[in-house]
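The values are calculated or read from the model by the stated rules, or taken from the named source; none is laboratory data. Keep in mind the model is a prediction, meaning the values are calculated, not measured. Note that we place each Cβ from the backbone using ideal geometry, even for glycine, and neighbour counts take in every protein chain shown. Only protein heavy atoms, including side chains, enter the accessible area calculation; ligands, DNA and RNA are left aside. Shrake-Rupley method; radii C 1.70, N 1.55, O 1.52, S 1.80 Å.
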Amino acid sequence: MFMMPSEREKANELFAINKKTVCTDLQAAGVDSVFVTYAGHGDSGGIDGVTYYDEQEHQVVEQNIKSKRVQFLELHCAWQEGERKVSVETREKNLHEAVVDLCYAAIEVAGFDGYENDDGGEGQITIKVKSQEININHRKYITDVLCDDVTV
């Protein structure tokens, strides 16, 4: 999404608040880490999978995460009547949806938004719940063309 510098700053602020909220709620649900994969190319793509683990690295049942509700802040930017309007809305969603939205925001904050365009890209996101650390291992697909123009 296109954002003005002040809007990007606000998005980063909301990301930090949402990260704290989501990680706190994940920890309360017994989750120690989250592993997320995403991929895309040709102008489409998205998050492929989300897996939750407890401290013993056992998989946590996703339905347990979906049953928890969380307040998530969303930034909305739009042109209305020739002016740029910015608003923040609080949405209630299940914890799994909040994790997915947090991951999309992390991709954007890291500068990998648009990964699905052109040749595309993919990555893995690891959320360490206790430390509230989000690590993104991102790969961008690139098609190389070598061209020689020789007159002999």
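Annotations for the structure displayed:
- Any hit, the stretch 90-99, residues being under 16 Å from the mean Cα position of the chain (by Cα) and over 27 Å from Ala28 (Cβ atoms): no
- Residue pairs meeting the criteria (Cβ under 6 Å; at least 6 apart or on separate chains; first on the phi > 0 side of the Ramachandran plot, in the stretch 31-57; second of a type in the set (S, T, N, Q) and open to solvent by 30 Å² or more (accessible area, probe 1.4 Å)): Asp43/Asn117
- Selection within the stretch 116-128 - open to solvent by 30 Å² or more (accessible area, probe 1.4 Å) and not in a strand (DSSP E or B): Glu116, Asn117, Asp118, Asp119
- Answer residue from the stretch 82-104, given it is at pLDDT 95 or above and hydrophobic (A, V, I, L, M, F, W, C) and is most open to solvent (accessible area, probe 1.4 Å) among those: Val100
- Lys66 being free of Cβ contacts under 8 Å to residues at least 40 places away in the same chain and touching a helix residue (DSSP H, G or I) at 6+ places or on another chain (Cβ under 6 Å): yes
- Each residue in the stretch 42-74 was checked for being open to solvent by less than 30 Å² (accessible area, probe 1.4 Å) and within 14 Å of the chain's Cα centre (by Cα), and 4 pass.
- The residues of the stretch 21-41 that are open to solvent by 70 Å² or more (accessible area, probe 1.4 Å) and either within 14 Å of the chain's Cα centre (by Cα) or aliphatic (A, V, I, L, M) (or both), listed by number, are Ala28, Phe35.
- Restricted to the stretch 33-115, the set of strands (runs of 3 or more DSSP E) holding at least 2 residues that are more than 18 Å from Asn137 (Cβ to Cβ) comprises 44-53, 69-80, 83-94.
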